[in-house]
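Below: the structure, in structure tokens.
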Amino acid sequence: MRILYIADIRGIGGLQNWALGVAEACKKRGHEVSIVFPPGVNDEEVAKAVATEIPVTSWKISSFQSADIVHSFDGRFNFELKRMMPKLPIVHTSSGASAAMFVALGRYLNFGWYLDLVRQRRGLLQEAAGSRYADWVIAASNKVMREISLYYRIPVSKITVIHGGHWKQEINTDKSELRRKLGLPEHQRLILFVGRPDPVKAFNSVLRSFQQLRSQRKDVVLVCAPPQGMDAEGVIGVELPWHQMPELYYACDMLVSASKYEGYSLAIHEAMAYGLPVIIPDTVGIVDLCVNGENAIVLPRWNRFEQRLLEAMTRLLEDESLRHRLGENARRTMQHRTWEWVAQETEKVYARALEKVK
């Protein structure tokens, strides 16, 4: 099967990693795959794409004429493709409904922040059209499925939920040696935050809780990947390529998130897959796979969150058996949810989309 993926994979982020993970896994399963950048990306930028051993090209309508199926991670152009080639099967992956995020953030951010977010993100109509003009939609979580059905009126019968994945990687290096390799403190408790500097990720909530924790004990360090562009006592930043992130998960003692909205969260998925205990808000889609107190600590995002986060971090630091149990159960939960598994589930969606356009 010849599959074309529409995805902007400049740099590294959740959506980029998702597109690359599916594409690489489908290639390993014997499909002919290539990645097409959305219009407006020049050839020089295409050359800097991070795809490994997958052809990456700029936008050309002629590229789609020989495709068996198109899988879009940027749905702005699904309408154009469907208009020009109505028999071309299109699958669209939605990792979050912008409308739902705006509704949530509009309540908790001031008006200026709200307008800034609207300007920076894809238009709601464009995202809705990306799902409407696809033959099948993959939702990153049950949360996303409910939201695109509610806000964009996409029939649930047209949506399949497929969670994210990870690449299996065995780390046999001692934790102290890993920390030395990564330039991290060897004898401190390391709390990990993964996320770009963005109001949605709510790093400031994590920072305020951490600073209260740091005032009580000096043996804790907050590790931020990537760096958050600020200086604070006990906070360090690291910039690592995606293939080194498993080493960072193994090197740390826990991962914390404070996201106001997330359709899924590959960072949390990967941390759990590598056995790192996580503290997460109930606003992330990955809660589909989490049981509070069993394989994660799940906190209500809008109910005394920062105080609850402080208490949860303190509890994990003081209870080694709890850290071990949460981490081990998290690893078991995610161990089969690799990109190979995601590719198998995605192939079933391709078959439905192909059948639909016959």
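The values are calculated or read from the model by the stated rules, or taken from the named source; none is laboratory data. Keep in mind that this is a model prediction, so the values were computed, not measured. Because the Cβ atoms are built from the backbone with ideal geometry, glycine has one as well, and the counts that use them run over all protein chains shown.
Remarks
- One residue from Leu192, Leu213, Leu222 being in contact (Cβ under 8 Å) with a residue 24 or more places away in the chain, within 20 Å of Gly14 (Cβ to Cβ) and outside any loop (DSSP other than H, G, I, E, B): Leu192
- Long-range neighbours under 6 Å by Cβ, at least six apart or interchain, first residue more than 22 Å from Glu345 (Cα to Cα) within the range 137-154, second of a type in the set (S, T, N, Q) and surrounded by 19 or more Cβ atoms within 10 Å (Cβ to Cβ): Tyr152/Ser131
- Restricting Gly30, Gly11, Gly75 to residues that are modelled with pLDDT under 90, of a type in the set (Gly, Ala, Ser) and surrounded by fewer than 16 Cβ atoms within 10 Å (Cβ to Cβ) narrows the list to Gly11.
- Within the option set Arg331, Arg308, Arg325, being under 16 Å from His166 (Cα atoms), of a type outside the set (Asp, Glu) and modelled with pLDDT of 95 or more holds for one residue only, Arg331.
So that you can scan it fast, the table gives a plain yes or no per residue for (1) within 21 Å of the chain's Cα centre (by Cα); (2) without any contact (Cβ under 8 Å) to a residue 12 or more places away in the chain:
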| position | (1), (2) |
| --- | --- |
| Ala202 | yes, no |
| Lys218 | no, no |
| Asp231 | no, yes |
| Val238 | yes, no |
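- The sole residue among Leu178, Leu207 that is out of contact with any strand residue (DSSP E or B) (no Cβ under 9 Å at 6 or more places or on another chain), surrounded by 14 or more Cβ atoms within 10 Å (Cβ to Cβ) and farther than 25 Å from Ala19 by Cβ is Leu178.
- Only one entry in Ile286, Ile268, Ile297 is crowded, with 22+ Cβ neighbours inside 10 Å, among the aliphatic types (A, V, I, L, M), more than 15 Å from Leu326 (Cα to Cα) and modelled with pLDDT of 95 or more, namely Ile286.
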